[in-house]
1. Just to be sure, is D233 under 30 Å from Y203 (Cα atoms), loosely packed, with under 14 Cβ neighbours inside 10 Å and touching a residue at least 24 places away in the same chain (Cβ under 8 Å)?
2. Somewhere in segment 74-81, is a residue closer than 16 Å to F40 by Cα and charged (D, E, K, R)?
3. Where residues in segment 21-46 are among the polar types (S, T, N, Q) and part of a loop (DSSP other than H, G, I, E, B), which of them is nearest to the chain's Cα centre (by Cα)?
4. Looking at D133, is it buried (at least 18 other Cβ atoms within 10 Å of the Cβ), in the same structural domain as D204 (by TED's automatic domain parsing) and without any contact (Cβ under 8 Å) to a residue 40 or more places away in the chain?
5. Only one of (1) among the basic types (K, R); (2) under 21 Å from L107 (Cβ atoms); (3) not in a helix (DSSP H, G or I) is not met by K49, so which one is it?
6. In segment 75-117, which residues are under 30 Å from L146 (Cα atoms), of a type in the set (D, E) and part of a loop (DSSP other than H, G, I, E, B)?
7. May I ask you to say which residue of A65, A73 is touching a Ser or Thr at 6+ places or on another chain (Cβ under 6 Å) and either more than 24 Å from I215 (Cα to Cα) or surrounded by fewer than 16 Cβ atoms within 10 Å (Cβ to Cβ) (or both)?
8. Can you give me the number of residues within segment 248-269 that are among the acidic types (D, E) and more than 27 Å from the chain's Cα centre (by Cα)?
Amino acid sequence: MSQPFYHLRPNKYVDRCLFVNVLERLNSHIKLQNHRYIGFGSYLFDDFKLLHDRLNIRTMISLEADPAVYNRAKFNLPYSCIQVINQTSTDYISESDWGDQNSIVWLDYVSPRSLGQQFCDIASLSNTVLPYDIIRVTFNANADCLGSAANGLDARFTKLKSRIGQYVPVDATAEDCIKEKYPILLLKCLHKMLSSCFKENKYDKRFPFPLFSTIYQDGEHLMLTFTCVILDDHTEEEGIIDCFEDISYVNFQWDKPSLIKIPELTVKEMMEINTLLPSDDAEKQLLDKYSFLFEDRADEAKSYTNFYKYYPSFHSINF
């Protein structure tokens, strides 16, 4: 799908900020400076810049399959520590020698038609990751990509099973393919797949420990993210949980995503609203005092009270 500039996509901007915040908290328990970061930087490298600036990660790999974008990415490299590789994630995961260096991997997928291959990539990655590695995936969770609702939910469900049938839970139904439920179904499919890949035994005790997931609208498409850390000892879970004692969106659940739905606010509106925050009854205050902004949009009021600190501010600058 066509992508506007990363920094002009406010919901995705907030989602990325949440991820960086999680890494900064994890850094108090797992030293991340010597991790390498593997992602899809395109030619803007927003996430790469943040992770280098905030965590001093110095080994960074950006995968770019499109030759034209690859050349543009090489031209726009912001730091010498970023290596751009003209390769698909499928080929990189299956062919590379990952060695013993820990990794932070963000597979930021956008194509719903490639969901089967995306799940295969993650399954292949599970054979490679080490304890203290971090895996983050983004999926297109737009149910319409399974077919028009006019064709019936059964047709959608059949399409999903044709893509990742072995990972669809036995209790899933066609009703799970409506817009509101489909992201949760994808999370359950991911859970089933990862559970099948990580089977603890006396030689291999690795397991994925979920941190958080989000749902957000990105243009015309509904997107889903999931982030986990790989551990090999359940006694370490408590230490991880302690890192996020005051962060509500990190809930350590497989299928409880946070909704990011940022309202469009003027600077004056934002400044006035922020005088009420933080507060235990902030959502109610917003709905009462600013009903003209949030009428019939209680989900936006809740999202703003949860993530107001990450609300983007864009400015015009003449170079």
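1. Spelling it out, D233 is indeed under 30 Å from Y203 (Cα atoms), loosely packed, with under 14 Cβ neighbours inside 10 Å and touching a residue at least 24 places away in the same chain (Cβ under 8 Å).
2. The answer is yes, given that some residue of segment 74-81 is closer than 16 Å to F40 by Cα and charged (D, E, K, R).
3. S42
4. no
5. It is condition (3) that K49 fails.
6. none
7. Values: A73 fails: touching a Ser or Thr at 6+ places or on another chain (Cβ under 6 Å).
Just one listed residue meets the conditions, A65.
8. Residues flagged as among the acidic types (D, E) and more than 27 Å from the chain's Cα centre (by Cα) within segment 248-269 amount to 1.
The values are calculated or read from the model by the stated rules, or taken from the named source; none is laboratory data. None of the values given here were measured: they were computed from a predicted structure. Cβ: placed from backbone, ideal geometry, glycine included. Neighbour counts: every protein chain shown.
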